[in-house]
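Visitor: Can you read through this structure? Questions will come right after.
The values are calculated or read from the model by the stated rules, or taken from the named source; none is laboratory data. A quick note: this is a predicted structure, and the numbers were derived from the prediction, not measured. Glycine also receives a Cβ, built like all others from the backbone with ideal geometry; neighbour counts cover every protein chain displayed. To get the accessible areas, we keep the full protein, side chains included, count just its heavy atoms, and leave off ligands, DNA and RNA. Shrake-Rupley method; radii C 1.70, N 1.55, O 1.52, S 1.80 Å.
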Amino acid sequence: MKISVYPIITVIAFSLQGLFAQSKISGFVKDEDGNAISQANVSLLKLKDSSVIKEIASSNAGFFAFNNIAAGRYIITGTFIGFKQAYSTPISTSKSAGHINSGTLTLSKQTAQLNKVTVTGKKQMFEQQIDRMVINVSSSITAPGSTVLEVLERSPGIVVDRQNNTLSMNGKNGVVIMINGKISRVPVSSVMQMLAGMSAGNIEKIELITTPPANYDAEGNAGFINIVLKNNPQFGTNGSYSATAGYGRGFVSAASVNFNYRREKVNLYGDCSFSRIPYSQDITFYRKVLNQGTAIENYLSTNRDAQRTFIDARMGVDYELSKKTIVGALISGYDSRWTMNAQNNTDIFLNQKLDTVLKITNHELHDLYNYGANLNVQHNFSADEKLILNIDYVHYKDHNPTDYLNSYFNGTGDFLYNRKTKSGKETPITFWVENADYSKKLGKKLTMEAGIKATFSTFTNDVGVDREKDNRWVTDNSLTAKYSLKERITAAYTTFNITINDKMSAKVGARYEYTNSNLGTASLKNIVDRHYGNLFPSFFLSNKISEKNSINFSYSRRITRPTFNDMAPFVYFVDPNTFFSGNPALQPSIADAVKTDYIFKKWVFSLSYSFEARPITNFSPKVDPATNTQTLAAENQKNKKTAALTLSLPITINNRWKMQFNFIGTWQQLNAIYKNDPFVIEQKYFNLNTSQTINLPKDYSLELSGYYITPTVFSVYLVEGFGSVNFGMQKKLKENKGTLRFAISDVLGPPHYKLSINQPTQNLAVKGDLQFVRTTFKLTFTHSFGNDKVKERRSRPTGSEEEKQRVNANN
């Protein structure tokens, strides 16, 4: 299906043109002697409630300018290390104000030695922007001590499937995970395990980007989740550390530390986190199939006793080569270790009579480790022109041995025999990524961005199953294979940021990607050998009608390529009657999406629609009646249509009590195929996510947050409604350098994920009930450290400080 957006764009552009005007406010920051202060922090605040509208750093000459400011009343404030904060007189703008000169902000030096430097600010937990939802993790009372995956589970529009290690956003699969703006190029299942161990203590915010522009990779029909780590741009040495202790299934522990050192030409930064979390997971499954008049029913129950130990770290440095050039290097890595003992019981009924009982005891070890390096060069030709070069290397390995003891009993409970089985999976993956991004201001109203990128990857999937026979292990060749994949993706993009007039701005872009994929074994070549190119246009239009009203429109095209594990035609043993399989016939899916927003004050109303051709549904079941076996594999379906209405409503009751409500109503239709026969799954569902923050006297505060999702669709399954409620209390300690937080996750009990698919005409009936977490109590202590007696920086401006925006872009 092709969507033509140009008539829509033309109508909107002409209908909205001429509706509003905006102003420019400029000025200078100087000291008492009239010397310019470079890189002072300058903020534009609303006079009514002191809310921050924009923040910038002053230039080498002390100059600052706020562009595209709506009519209203404002105040400007400036700060810099070693100086007292200064405020401007109130400034009023109108539709005809044009350029307003606010004059000079004069900062006076501190008369005494600084004993402390305290920066305070409280952002709302959820912040809706034009193209993304921002979760301010560092502002949450309940987030510290949690993992990143637990924070995502509580986020608007996100559904986490821990059983199958997948994520969906606003009802769509194909989510791409980024860390500090860089794509995590490992299989989604491994990314999920990384997020399940990564401490939220080192996270500044999480961005849910639903309409990415052309400079982002076209991968991911659902969009991007960008995890932004903490970073401190202040001079001197500073940072923070935290420690968490709690109890859920067992003793929970976590710790994190981050630091930043900035001095003249050098910026050195790093962080490290550790967590150890025990889990108790209860899972039940039921399936029914008819075979020549016999009804075969399987009842499976599983109790998993597991523990994940996780550690990750990164270290980076930026160095100024000249006033216009800065180079940077970053190394990072993580190690995740999952151990699990499980007791599984399967009852097999024939025509409602118990025929066979299968008891399985299995032990699983799942080791994941990853390390990578990045080299970065940025050169500013001028204030309006720059070039950024990046080279990345990433290596990843997955080691996953599992052993099974299968005990068989007849319908009356008599023991029949034991069988031992063991499986293993070794998956090393290597990536090289090279890209160049160039931007230039072509005029007062036109800025161009362009870039090229190349990604080279190699992947090996070595899967094996052995069975014990006559006291020796015999390889099951039907379930053992080693596959290798090589993939190369090259891309080029360009975008233009256009100020149409004082009333309207637009961003138009296009990205072209060419993919080469080859999958095979040592003996069987070219199982998959594909070469294809795609063009991905994008368009954004923004119009501010008045100070309180604005409208936005966007269109984008995205692609979801099959993952390496999805394409490799291995068969992975779960139990004697259940298997995971790859699918080399998988094709990439293409999605076209349109979205419009109406913004009233801070309230956001969004309406979106997407059409996805050949959507990939993970873990689609196929049941063989003759052998009573179930195979789960990724499949292409015919198409998927999704329409969503999103409301983001921040509400301030008073200066102590703030609330945030996020509503997402979704209609989704999946036109699916099972054994070459079509069927339709259609569902309307609703997602409510809310947070309440109450500030109490004596630096105490409370937070209550929760979510509920009405019955929804995941892959080809219908999922019953589920939700969660979390509570937290916080106390700021002496001089605001320490914080003590107490949190309870899943106050009303952990969520149950109940899923089903019932297609009698397809002889397919499956039900499941999954519970992965327990109510957990956590106590977290956080402390900031640093050199409070920071020396005043030299007045000579440095090129590295001009690059602050590059560093802060990762915040």
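Visitor: Between a residue in segment 32-46 that is at negative phi and any residue that is of a type in the set (D, E) and in a strand (DSSP E or B), which pairs come within a Cβ distance under 8 Å, given they are 6 or more apart or on different chains?
Guide: I37/D31; N41/E55; V42/E55; S43/E55; L44/E55
Visitor: Which one of these is among the β-branched types (V, I, T) and closer than 30 Å to T475 by Cα: T455, T427?
Guide: Being among the β-branched types (V, I, T) and closer than 30 Å to T475 by Cα holds for just one of T455, T427, which is T427.
Visitor: Can I ask one more? For segment 313-323, state whether one or more residues are assigned to a strand (DSSP E or B) and out of contact with any Gly (no Cβ under 8 Å at 6 or more places or on another chain).
Guide: no
Visitor: Follow-up. Restricting attention to segment 378-428, and to residues there that are open to solvent by 30 Å² or more (accessible area, probe 1.4 Å) and among the hydroxyl-bearing types (S, T, Y), which single residue is farthest from V463 (Cα to Cα)?
Guide: Selected residue: S382.
Visitor: Inside segment 720-739, can you point out the residues that are at pLDDT 90 or above, of a type in the set (A, V, I, L, M, F, W, C) and either more than 27 Å from Y241 (Cβ to Cβ) or open to solvent by less than 70 Å² (accessible area, probe 1.4 Å) (or both)?
Guide: Within segment 720-739, F722, V725, F727 qualify.
Visitor: Which of the residues that make up segment 740-764 are within 23 Å of E635 (Cα to Cα) and either open to solvent by less than 60 Å² (accessible area, probe 1.4 Å) or more than 26 Å from the chain's Cα centre (by Cα) (or both)?
Guide: Matches in segment 740-764: Y753, L755, S756, I757, N758, Q759, P760, T761, Q762, N763, L764.
Visitor: Based on what the data block shows, is T421 touching a residue at least 24 places away in the same chain (Cβ under 8 Å) and more than 24 Å from N362 (Cα to Cα)?
Guide: So T421 does not fit the description; no.
Visitor: Here is a further query. Being surrounded by fewer than 20 Cβ atoms within 10 Å (Cβ to Cβ) and over 23 Å from the mean Cα position of the chain (by Cα) is the filter; apply it to segment 260-278 and report the residue that is modelled with the lowest pLDDT.
Guide: Going through the qualifying residues, I end up with E264.
Visitor: Go through K658, K548 for me and flag whichever is more than 21 Å from G157 (Cα to Cα), at pLDDT 85 or above and out of contact with any Gly (no Cβ under 7 Å at 6 or more places or on another chain).
Guide: Testing whether each residue is more than 21 Å from G157 (Cα to Cα), at pLDDT 85 or above and out of contact with any Gly (no Cβ under 7 Å at 6 or more places or on another chain) leaves just K658.
Visitor: Ok, one more. Counting only residues that are farther than 22 Å from L387 by Cα and either modelled with pLDDT of 95 or more or hydroxyl-bearing (S, T, Y) (or both), how many does segment 428-455 have?
Guide: 1
Visitor: Provide a single number: the residues in segment 452-475 that are in contact (Cβ under 8 Å) with a residue 40 or more places away in the chain and either out of contact with any Ser or Thr (no Cβ under 6 Å at 6 or more places or on another chain) or among the charged types (D, E, K, R) (or both).
Guide: 10
Visitor: Just to check your reading of the model, which residue among K548, K525, K503, K544 is open to solvent by 50 Å² or more (accessible area, probe 1.4 Å) and either free of Cβ contacts under 8 Å to residues at least 24 places away in the same chain or on the phi > 0 side of the Ramachandran plot (or both)?
Guide: Sole residue among the options that is open to solvent by 50 Å² or more (accessible area, probe 1.4 Å) and either free of Cβ contacts under 8 Å to residues at least 24 places away in the same chain or on the phi > 0 side of the Ramachandran plot (or both): K525.
Visitor: Return yes when L416 is closer than 30 Å to I296 by Cα and either assigned to a strand (DSSP E or B) or not aromatic (F, W, Y) (or both) and no when it is not.
Guide: It is true that L416 is closer than 30 Å to I296 by Cα and either assigned to a strand (DSSP E or B) or not aromatic (F, W, Y) (or both).
Visitor: Here's something else I'd like to know. Which of the residues spanning segment 694-717 are over 25 Å from P650 (Cα atoms), crowded, with 18+ Cβ neighbours inside 10 Å and of a type outside the set (S, T, Y)?
Guide: V713, F714, V716
Visitor: While we're on this one: Has segment 205-228 got at least one residue that is in a helix (DSSP H, G or I), in contact (Cβ under 8 Å) with a residue 60 or more places away in the chain and closer than 29 Å to I664 by Cβ?
Guide: Within segment 205-228 (the criterion being in a helix (DSSP H, G or I), in contact (Cβ under 8 Å) with a residue 60 or more places away in the chain and closer than 29 Å to I664 by Cβ), the answer is no, since none of the residues qualifies.
Visitor: The conditions are (1) more than 14 Å from R154 (Cα to Cα); (2) β-branched (V, I, T); (3) without any contact (Cβ under 8 Å) to a residue 60 or more places away in the chain; (4) surrounded by 18 or more Cβ atoms within 10 Å (Cβ to Cβ), and I653 fails exactly one of them. Which is it?
Guide: The one condition I653 does not meet is (4).
Visitor: Could you check segment 747-786 and list, in sequence order, the residues that are more than 19 Å from A200 (Cα to Cα), among the hydroxyl-bearing types (S, T, Y) and assigned to a strand (DSSP E or B)?
Guide: Y753, S756, listed by residue number.
Visitor: Which condition number does N618 fail, the rest of (1) in contact with a helix residue (DSSP H, G or I) (Cβ under 6 Å, 6 or more places away or on another chain); (2) at pLDDT below 90; (3) assigned to a strand (DSSP E or B) being met?
Guide: Result: N618 fails condition (1) only.
Visitor: Check segment 375-391 and report whether any residue there is farther than 30 Å from S322 by Cβ, part of a strand (DSSP E or B) and either in contact with a helix residue (DSSP H, G or I) (Cβ under 6 Å, 6 or more places away or on another chain) or in contact (Cβ under 8 Å) with a residue 24 or more places away in the chain (or both).
Guide: No: segment 375-391 contains no residue that is farther than 30 Å from S322 by Cβ, part of a strand (DSSP E or B) and either in contact with a helix residue (DSSP H, G or I) (Cβ under 6 Å, 6 or more places away or on another chain) or in contact (Cβ under 8 Å) with a residue 24 or more places away in the chain (or both).
Visitor: Does K486 qualify as being in contact (Cβ under 8 Å) with a residue 60 or more places away in the chain and not hydrophobic (A, V, I, L, M, F, W, C)?
Guide: no
Visitor: Looking at (1) of a type outside the set (S, T, N, Q); (2) open to solvent by 20 Å² or more (accessible area, probe 1.4 Å); (3) within 27 Å of D566 (Cα to Cα); (4) touching a Ser or Thr at 6+ places or on another chain (Cβ under 8 Å), which one does V623 not meet, given that it meets all the others?
Guide: Only one criterion is unmet by V623, namely (2).
Visitor: A further question on this structure: Which residue out of A613, A643, A591 is surrounded by 21 or more Cβ atoms within 10 Å (Cβ to Cβ) and of a type outside the set (D, E)?
Guide: When all the criteria are applied, what remains is A591.
Visitor: Still on this structure: How about segment 51-68: which of its residues are in contact (Cβ under 8 Å) with a residue 12 or more places away in the chain and either part of a loop (DSSP other than H, G, I, E, B) or farther than 20 Å from E127 by Cα (or both)?
Guide: A57, S58, S59, N60, A61, G62, F63, F64, A65, F66, N67, N68, listed by residue number.
Visitor: If you don't mind, there's one more thing I want to ask. What tally of residues in segment 354-377 results from selecting those that are within 31 Å of the chain's Cα centre (by Cα) and open to solvent by less than 50 Å² (accessible area, probe 1.4 Å)?
Guide: Of the residues in that region, 10 qualify.
Visitor: Show the residue pairs that are 6+ apart or on different chains and have beta-carbon atoms under 9 Å apart, the first residue being within segment 293-322 and exposed (fewer than 15 other Cβ atoms within 10 Å of the Cβ), the second being among the acidic types (D, E) and in a strand (DSSP E or B).
Guide: Between residues of segment 293-322 that are exposed (fewer than 15 other Cβ atoms within 10 Å of the Cβ) and residues that are among the acidic types (D, E) and in a strand (DSSP E or B), the close pairs are N303/D282.
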